[in-house]
Protein chains: 2
Amino acid sequence: MTLDLHIIRQAEQVIRQYIHQTPVLSSDTLNRQTGSQLHFKCENFQKSGSFKIRGACYSVLSLPVELAQKGVVAHSVGNHGGALALIAKLRNIPVSIVVPSDAPSVKIDAIRQYGAEVIICDPTMEARESTSLQIVEEKGATYIPPFDSYPVMTGQGTLGLELFKQIDNIDAVVVPVGGGGLISGISYAIKALNPAIEVIGVEPTAANFAAQSLAAGTLCESKNSQLKTIADGLAAGTGKLTLPFIKKYVDELLVVDDELIVEAMELIWTRMKIIVEPAAAAALAAVLKHSDRFHRRNTVLIMTGGNVNLNRLPWS
Amino acid sequence: MTLDLHIIRQAEQVIRQYIHQTPVLSSDTLNRQTGSQLHFKCENFQKSGSFKIRGACYSVLSLPVELAQKGVVAHSVGNHGGALALIAKLRNIPVSIVVPSDAPSVKIDAIRQYGAEVIICDPTMEARESTSLQIVEEKGATYIPPFDSYPVMTGQGTLGLELFKQIDNIDAVVVPVGGGGLISGISYAIKALNPAIEVIGVEPTAANFAAQSLAAGTLCESKNSQLKTIADGLAAGTGKLTLPFIKKYVDELLVVDDELIVEAMELIWTRMKIIVEPAAAAALAAVLKHSDRFHRRNTVLIMTGGNVNLNRLPWS
């Protein structure tokens, strides 16, 4: 398997009834401030509150029926877990989400609210993986990875197709990079449609694993399961399957400090009155830091999600 | 002078180039939770962050040129001050905003950022009014009231016309009530177009001056300039000009407690990922409290604005 434009188009048809076509917003103030024409693609308004529903949805829908009925499993305390829980509920199949015991209770509650079985494990990556594997073996459930999987990358790629329908004359697309599932799908789809469009990845300085991996020519993973960046959605190491797509289709990777991410997040909240998570704000942070690079260009910023703990905002 | 549908239509043409046609959003989750079909009219995305730009804009644009060039003045620490400052700047005329010395510095800074001259006065309503009057006399500037003025009410009435263009088969419109400028304009326009549509006003329990005034048959004003409700935008007493319109065109006034307003605000932020101020959330609070009344009905909720101090959220 690999990525394929024809299959991404099929995925778009298949997942359409389960997701929103999210709006693209703009802000005169932020255009003036950056000197660019910014188009904010609002996946924070997406079902489950993030783009992750696209990949989770296509993964579930492309399972054979007998397999799907045995259920799906993921380990996640973030957007992937919520997205998988939601789509499993909509399809009426069992879903188990493995969460580490140190996960914030608000996040665990959110996953439970979607109707998922929540299984608490020790707060290590090994425990998360072994607990997930155990459920796969016991129940015959299918493990759905958060990013390093072709069905997931295909689902995220539908976002690239959608941009083309909504925005004319795109010059550049700025994509926050965590494990790389989103930017793999988007960059593949966009370059297939128009290779002249630049695809720029953004990583937090403290978690620039994609840039490190490209430089080293081998996967540099997160050694530490503790968060090193405010943009928790971007704290993952790059995937084995995603890295080759980043190498081939992404024009440049930029890094941004947490301080600038928080500043960008506050600008978006204050000026645009929309709630985006730090990972999404990283895209604007990159434009603020490299404004010359985006000057007068039609620049699309992927607002990856809006799932934020409203009791703990980074500026208060 | 009075309100007139023909003039509201003219106002709509005149102010069009200075304001946004704001989107109408919906939420499957909130529809399920309330049993209603909710249409959120997002004036939180409006220029200056609230609907107040409509009335301020029409007030400024309907001034004779020689008068406009002498400038405009208002006393406000809220949305009206920001809106007037913005439209005056866009029209390149002088603007002075009188603010009491106890106003939060973030609000004063926001008004300054729009380019207005800020004049600090003692924190009493008398001082605010006398200081404004002084500027009117010294500069020949025109005082623009926040709500009790036909041009202001006419400008807010354009929101009623806009709803008709955007939403089919409206059953009810729920409007937060402060001084009554917004609900006067909207209810007048809506009843002129379709008297079968219900217009429901919402007041905070601690500031239900419109209901009190209707019951007493005379204006019951706010005796205390201190805020009594989290919905500071709704803390004003009803106007002399607005009360007769509320009496004639509004079907019912509902009250909601601050606790429910905060709950509604958190629901909108969490579920819809948009930033609305407490005054806006009061509309959803009324639907939550009286869900039977709105059951299965196409209900429009006016999201009046989104200007919130992000460092001091009511639930944290």
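A short reminder: the numbers here are calculations on the coordinates, not readings from a lab. On a predicted model such as this, the values are computed, not experimentally measured, just so you know. So basically every Cβ, Gly included, is an ideal-geometry build from the backbone, and we count neighbours across all protein chains shown.
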**Message:** Can you give me the C-alpha center-to-center distance between the stretch A:264-316 and the stretch B:236-295, rounded to a whole angstrom?
**Reply:** 30 Å
**Prompt:** Once both axes come from the Cα atoms, what is the angle between helix B:278-289 and the longest principal axis of chain B, in degrees from 0 to 90, rounded to 10?
**Reply:** 20 degrees
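For peptide A:21-29, compute the average count of partner chain beta-carbon atoms within 10 Å of each residue's beta-carbon. Numbers along the way, then the final one.
Values: counts 0, 0, 2, 0, 2, 0, 1, 2, 1.
Taking the mean over all residues of the peptide, I get 1.
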**Prompt:** If the cut-off is a Cα-Cα distance under 17 Å, which lysines reach B:K240, setting aside same-chain residues fewer than 8 apart in sequence?
**Reply:** B:K223, B:K248
**Item:** Copy-to-copy label separations for B:T218, where each label sits 7 Å from Cα toward Cβ, in nm and ascending
**Value:** 8.8
**Prompt:** For the protein assembly as shown, what does -39500 (n - 2.57) per DSSP helix run (n ≥ 4), summed and divided by total residues, give at 222 nm, in deg cm²/dmol to the nearest 500?
**Reply:** -13000 deg cm²/dmol
**Prompt:** Taking the label point as lying 7 angstrom from Cα along the Cα-to-Cβ axis, what are the distances from B:T270 to the corresponding position in the remaining copies, in ascending order and in nanometres?
**Reply:** 2.7
**Antiparallel bridges, percent of DSSP beta bridges restricted to the stretch A:53-143 (to nearest 5)** = 0 percent
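Run through every distinct alpha carbon pair of the stretch B:202-282 and return the Kirkwood hydrodynamic radius in angstroms, one decimal place. Working shown, then result.
On the way: mean 1/r = 0.0747 Å⁻¹.
One over the average 1/r among Cα pairs gives 13.4 Å for the stretch B:202-282.
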**Request:** Please give the helix B:181-193 orientation as an angle from the longest Cα principal axis of chain B, in degrees from 0 to 90, rounded to the nearest 10.
**Result:** 60 degrees
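Rounded, prolate or oblate: which one fits the stretch B:53-143, using the alpha carbon gyration tensor with axes a ≥ b ≥ c (rounded when a/c is under 1.5, else prolate when a/b beats b/c, else oblate)? Don't skip to the end; give the middle numbers.
On the way: a/c = 2.02, a/b = 1.32, b/c = 1.53.
The shape class here is oblate.
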**Complete:** By the C-alpha gyration tensor axes a ≥ b ≥ c (rounded if a/c is under 1.5, else prolate when a/b exceeds b/c, else oblate), the shape of chain A is prolate
**Message:** When a/c reaches 1.5 or more, the comparison of a/b and b/c decides; with that in mind, is the stretch A:1-119 rounded, prolate or oblate per its Cα gyration tensor?
**Reply:** oblate
**Message:** With angles folded into 0 to 90 degrees, how steeply does helix B:150-166 sit against the dominant principal axis of chain B? Use alpha carbons for both and round to 10.
**Reply:** 40 degrees
**Prompt:** Across peptide B:301-313, how many C-beta atoms of other chains are within 10 Å of each residue C-beta, on average?
**Reply:** 2
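Local charge sum around A:E129 (other residues, Cβ-Cβ under 14 Å, Lys/Arg +1, Asp/Glu -1)? Intermediate values should be presented prior to the final figure.
Working: positive: A:R128; negative: A:D122, A:E126, A:E137, A:D148, A:E221.
That sum, taken over residues with Cβ under 14 Å, equals -4.
Looking at the protein assembly as shown, send over the antiparallel percent of its DSSP beta bridges, to the nearest 5. Intermediate values should be presented prior to the final figure.
Details: 7 of 67 bridges.
Expressed as a percentage, antiparallel bridges in the protein assembly as shown total about 10.
Could you please report the charge total around A:S48, scoring K, R as +1 and D, E as -1 over all other residues with beta-carbon less than 11 angstrom from its beta-carbon?
Details: positive: A:K47, A:K52, A:R54, A:K89; negative: A:E43.
Neighbourhood net charge equals +3.
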**Item:** Coil-residue trypsin sites (Lys or Arg not before Pro) of the stretch B:178-248, DSSP, other Cβ within 10 Å capped at 12
**Value:** B:K223, B:K240
**Request:** Using a cut-off of 13 Å between beta-carbons, work out the net charge of the residues near A:V77 (Lys and Arg +1, Asp and Glu -1, A:V77 not included).
**Result:** +1
**Asked** Separation of the stretch B:143-201 and the stretch A:100-127 by C-alpha centroid, Å?
**Response** 47 Å
**Item:** Per-residue ³J(HN,Hα) for the stretch A:99-114, Karplus 6.51 cos²θ - 1.76 cosθ + 1.60, θ = phi - 60°, Hz, x for Gly and Pro
**Value:** 10, x, 5, 9, 6, x, 5, 4, 6, 5, 4, 4, 5, 4, 4, 6
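Report D for the protein assembly as shown in µm² per second (integer): Stokes-Einstein, Kirkwood Rh on Cα pairs, 20 °C, 1.002 mPa s.
On the way: Rh = 25.9 Å.
For the chosen part, D equals 83 µm²/s.
Using mean Cβ contacts within 10 Å as the protection proxy, how do A:97-103, A:78-84 order, highest first?
Details: A:97-103: 19.4, A:78-84: 28.6.
Those peptides, ordered most packed to least, come out A:78-84, A:97-103.
To make sure I understand, if each residue's beta carbon is the centre and we count other beta carbons within 10 Å, what order do B:T29, B:T299, B:T229 fall in, fewest to most?
On the way: B:T29 13, B:T299 27, B:T229 21.
Placing the least packed residue first, the sequence is B:T29, B:T229, B:T299.
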**Asked** Looking only at A:A283, A:A110, A:A231, which one moves most when chain A is put into a Gaussian network model with springs between Cα atoms under 10 Å?
**Response** A:A110
**Asked** Using a label position 7 Å from Cα in the Cα→Cβ direction, what is the ascending list of nm distances from B:P23 to the same site in the other copies?
**Response** 0.4
